[in-house]
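One structure is given below, encoded as structure tokens.
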Amino acid sequence: MAKLGRYSADRKKIEDLTATKTVEVAECGTIFTLNSATEFTVTLPSVASAGKGWWCKFIVKAAPAAADYIVTAAGSDTIVGVIVTGADGAATDQAGTGQVEFKDGAAVEGDQLELVCDGVKWYVVGHCNAATGIDMGA
């Protein structure tokens, strides 16, 4: 019997990450919290494998210390999107980047990215407190 009512409505899948990980297609809809004292990379599934509508979210649980948290596309897949900063409301965008970084010394708890796939590219919307908290790198 399925659960009904407000107690089961829209419950999110949460996974705490503290080390390098390759995200699986079956993890669609997961919110990943980033929590480590060392740099690590999270690799997205390929856009061909993920397909239209696949999505996930990354939230900084503990500010990166002495290294960056890196979210990278698989192979030659690209990430296109906009990062909005609370520092001055400015937005930066990047077309065709291969990775997005939560920067050491700038990213803080609560900074976040949401990625969605259309089967061809990754699209990202990010929010960060500091103007340099999230960088859409090479």
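Read the figures in this text as sums done on the coordinates, not as results from a lab. Being a predicted model, the structure only gives us computed values, none of them experimental. Ideal geometry is used to build each Cβ from the backbone, glycine not excepted, and the neighbour counts take in all protein chains shown.
Annotations for the structure displayed:
- Some residue of the stretch 88-110 being out of contact with any strand residue (DSSP E or B) (no Cβ under 8 Å at 6 or more places or on another chain), surrounded by fewer than 17 Cβ atoms within 10 Å (Cβ to Cβ), small (Gly, Ala, Ser) and within 30 Å of Arg11 (Cβ to Cβ): no
- Selection from the stretch 97-116 of residues that are of a type in the set (A, V, I, L, M) and either assigned to a strand (DSSP E or B) or under 30 Å from Gly51 (Cβ atoms) (or both): Val100, Ala107, Leu113, Leu115, Val116
- The single condition among (1) in contact with an Asp or Glu (Cβ under 9 Å, 6 or more places away or on another chain); (2) of a type in the set (Asp, Glu); (3) farther than 23 Å from Ala130 by Cβ that Asp68 does not meet is (3).
- Number of positions in the stretch 23-38 that are touching a strand residue (DSSP E or B) at 6+ places or on another chain (Cβ under 8 Å) and free of Cβ contacts under 8 Å to residues at least 40 places away in the same chain: 10
- Filter result (touching a helix residue (DSSP H, G or I) at 6+ places or on another chain (Cβ under 8 Å) and not in a loop (DSSP other than H, G, I, E, B)) within the stretch 42-69: Ser49, Ala50, Cys56
- Considering only residues in the stretch 26-41 that are part of a loop (DSSP other than H, G, I, E, B), out of contact with any Phe, Trp or Tyr (no Cβ under 8 Å at 6 or more places or on another chain) and of a type outside the set (A, V, I, L, M, F, W, C), the one that is surrounded by the fewest Cβ atoms within 10 Å (Cβ to Cβ) turns out to be Thr38.
- Any hit, the stretch 101-112, residues being of a type in the set (Phe, Trp, Tyr) and farther than 17 Å from Thr20 by Cβ: no
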